[in-house]
1. How much length, in nm to one decimal, is gained on full extension between Val90 and Arg75, taken as 0.36 nm per residue of separation minus their Cα-Cα distance?
2. Restricting attention to the alpha-carbon atoms of the chain, what are Rg (one decimal) and Dmax (integer), both in Å?
3. Compute the normalised compactness of the range 66-125: alpha-carbon radius of gyration over 2.2 N^0.38 Å, N being the residue count.
4. Could you list, in their original order, any pairs among Lys25/Lys107; Lys107/Lys143; Lys54/Lys126; Lys54/Lys107 whose Cα atoms are separated by more than 26 Å?
5. Residue separation times 0.36 nm, minus the C-alpha to C-alpha distance between Tyr51 and Arg173: what's the value?
6. Ratio of Rg to Rh for the range 82-195, alpha carbon only, Kirkwood?
7. From the phi angles alone, apply the Karplus equation (6.51, -1.76, 1.60; θ = phi - 60°) to the range 70-81 and give each ³J(HN,Hα) in whole Hz, x where the residue is Gly or Pro.
8. Provide Thr185, Thr124, Thr79, Thr8 in ascending order of the number of other Cβ atoms located within 10 Å of each residue's Cβ, fewest first.
Amino acid sequence: MKHKNEETWCQSHLADQQLHQLLEKVDADLAEEACQQGCLYCEGKLHRADYDRKPRGGPQWERRYSFCCAQEDCRRRRTPESVRFLGRRVYAGLVVVLITVMVHGLKPSRVRRIREALQIDSRTLKRWRQWWLDNFVRSSFWKAARARFMPLVCEQRLPLSLWLSFELEERDRLLAVLGFLKPITTPAAWKELAM
Ligand SMILES: [Zn+2]
């Protein structure tokens, strides 16, 4: 299964306001849930202490939800999982996922066109593709999670193989993939996956 018009397909998701709102809603729910659970270290109350973000090439989400423990002697942070931000990348998670899925197997000239339209430089895109094949495949998250897939996900064809293993309509599929990846989006988990 290959899309006939990858550019249009990708651009339409990147411009899909409803999808952006949906992802925002999911993140707000995840934040609410984390807040209600309180501090992981001392069970103290949490206060909002969001991170400022300036994501490129996608929706202009300016805050990543985060909290700080209100206890004087603790003050530790708790940053909930997210379907919008993939670790500390400057691009939103959906941009990284969509582009790396879309350019899989395309001719270099087409890859360049797409890249230029989205203003992503070639080194960045190369790094993203390599990230799936190296850091992601080696991560403890993936080693534990891959057993859930039957048939197995082909690791050499990531992330397209992961994308295709969620047999859903397109927008739901994107939500499912971002939801699947959310455990690796917290600062603590991201340490292992950063490159
Ligand atoms: Zn605390």
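Just so it is clear, none of the values below were taken in a lab; they were calculated from the coordinates. Treat the numbers as computed from the prediction; the structure is a model and nothing was measured. We place every Cβ from the backbone using ideal geometry, glycine too, and count neighbours over all the protein chains shown.
1. On the way: separation 15, 0.36 × 15 = 5.40 nm, distance 2.64 nm.
Once the chain is fully extended between Val90 and Arg75, it gains 2.8 nm.
2. Spelled out, the Cα radius of gyration and Dmax of the chain are 17.4, 58 Å.
3. Details: Rg = 17.6 Å, N = 60, 2.2 N^0.38 = 10.4 Å.
Computed over Cα atoms of the range 66-125, the ratio equals 1.69.
4. Details: Lys25/Lys107 37 Å; Lys107/Lys143 31 Å; Lys54/Lys126 22 Å; Lys54/Lys107 31 Å.
In this structure, Lys25/Lys107; Lys107/Lys143; Lys54/Lys107 lie more than 26 Å apart at Cα.
5. Details: separation 122, 0.36 × 122 = 43.92 nm, distance 2.77 nm.
Contour length minus the Cα-Cα distance gives 41.2 nm.
6. On the way: Rg = 13.6 Å, Rh = 14.5 Å.
With Rg and the Kirkwood Rh in hand, the quotient comes to 0.94.
7. Residue by residue, the range 70-81 yields 7, 5, 3, 8, 10, 6, 6, 7, 9, 10, x, 4 Hz.
8. On the way: Thr185 25, Thr124 18, Thr79 22, Thr8 10.
Starting with the residue having the fewest Cβ neighbours, the order is Thr8, Thr124, Thr79, Thr185.
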